[in-house]
Amino acid sequence: ESETHEKEVSPASSPTSLITQEQQMENNAVSINPNAFALDLYAKLKDKPGNLFFSPYSISSALAMTYAGASGNTKTQMAKTLHFDVNQNIHQDFSSLNKSLTAQSEAYQLNIANALWGQKGLAFLIEFVDLNHEYYGATLKSADFKGATETARQTINQWVADQTENKIKELFVPGILNQQTRLVLTNAIYFKGNWQFPFEPENTSELPFHLSTDSKVDVPTMYREGEFKYMENQDLQIIELPYQKNDSQQSLSMLVILPRKVDGLSLVEEKPEQWLSYIEPQRFKSEKVKVYLPKFQLESALQLKDALENLDMLDAFDLGNADFSALTGKKNLALSAVVHKAFVEVNEEGTEAGAATGVVVTLRGILPPPIEFRADHPFIFLIKDNRSDSILFLGRVIDPLM
């Protein structure tokens, strides 16, 4: 067995790129487009019933690690599906974007856990292993799928739990891995952030949430009135709820996209390409808004093989056609599963227990009445990085009690 399997390199020891924030964002715009992939993936997942939550950014960066081992048509298909510009420095750009996202750990916590697991005894090319260490701080680990499938499953699940403070457990349920498995991609993500303007718990009350035009349930609903960035058109309202930040730099925000009609979600979901234009900062104005938002906790466990194949990433999963020769030097490997699990809890403080205070100073005098933003029916939400505009998380709430 090649010792490259277990060569551990911590992310902290990875070389850093000496480029400015502006250069970095410019480069990212050229070589990687996580938002286009996010919307493509949402379109393939939206027909599943119920709530939905996933991290398109994390999935695409983890798949980029796998892309480093692909060749030929497999590589071409992956680049097309993931919206990579093959002429650019994809791995360097992911590395610099990851660093800028995870550098702000004092204001919020963003843990991304990625790993590739290869069958014990298969020798992996040092170029592939080194690239993953250098740009992703990630390790290619060995697992004995052939001889000890259940042990491998438990090892991988434990590793993910360790990386996510035990919030993501059982990433792989029994049956996904088998003795034929040779390569598996694992991804887990966990986010914690406090609102810049927290909701007061005493303002939370049980209010109706309309599941459909003729069905409703009472759910704990938070309330806050204040100045928020806001936009609207005839079909929907969008509000930006910022998270705490370290300094004057823009940080992360949640955007809530609320259809005007109780049953309007499917209409909005039909045109995800419009969402990107909605989230452009210049479209938002600072307005006085009364915000009603349900508390919710979502957990999604997704098997993404079908969705990725539907996005024309076919060869990677095809034992006959897969070309991961940049990984081992041979064409005898294929992906057998891409599994993603994500968790979010939204409450008065943010997505973490803790105290935070926001003071809003407004001019006294005759002001127009505040706009009402009442999320009392199904809505879409996303969490984005405001400097790169990358969508880190994307989801929808159909029923806050689910």
Legend entry - Residue among S277, S205 that is among the small types (G, A, S) and under 24 Å from P34 (Cα atoms): S277
Legend entry - Number of the exception - L185 against (1) modelled with pLDDT of 85 or more; (2) surrounded by 13 or more Cβ atoms within 10 Å (Cβ to Cβ): (1)
Inset, instruction - Looking for whichever is at pLDDT 85 or above and under 27 Å from F296 (Cβ atoms) here; the options are W159, W195. Which one fits? - result: W195
Legend entry - Residue satisfying all of: in region 269-320; charged (D, E, K, R) and part of a loop (DSSP other than H, G, I, E, B); nearest to L45 (Cα to Cα) among these: E270
Inset, instruction - Inspect region 123-130 for any residue being surrounded by fewer than 22 Cβ atoms within 10 Å (Cβ to Cβ), free of Cβ contacts under 8 Å to residues at least 24 places away in the same chain and not hydroxyl-bearing (S, T, Y) and give the result as yes or no. - result: yes
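Consider region 382-400. How many of its residues are within 17 Å of L265 (Cβ to Cβ) and over 10 Å from the mean Cα position of the chain (by Cα)? Full working, then the answer.
Applying the first criterion (within 17 Å of L265 (Cβ to Cβ)) to region 382-400 yields 382, 394-400.
Cutting the leftovers down to over 10 Å from the mean Cα position of the chain (by Cα) gives us 396-400.
Looking only at that region, the number is 5.
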Legend entry - Residues (touching an Asp or Glu at 6+ places or on another chain (Cβ under 7 Å) and small (G, A, S)) located in region 300-341: A322, A334
Legend entry - Matching residues, region 199-239, being within 29 Å of K169 (Cα to Cα) and not in a strand (DSSP E or B): none
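When the residues of region 156-175 are narrowed to those that are surrounded by fewer than 17 Cβ atoms within 10 Å (Cβ to Cβ) and not charged (D, E, K, R), which ends up nearest to L241 (Cα to Cα)?
Quick first cut of region 156-175, residues surrounded by fewer than 17 Cβ atoms within 10 Å (Cβ to Cβ) only: 158, 162, 165-166, 169-170, 173-175.
Those still in the list that are not charged (D, E, K, R) too: 158, 166, 173-175.
Details: Q158: 34, N166: 27, V173: 35, P174: 39, G175: 40 Å.
Checking each candidate, the answer is N166.
The values are calculated or read from the model by the stated rules, or taken from the named source; none is laboratory data. Quick caveat, the model's predicted, so the values are computed rather than measured. In this analysis, Cβ positions are derived from the backbone assuming ideal geometry, glycine residues included, and neighbour counts consider all displayed protein chains.
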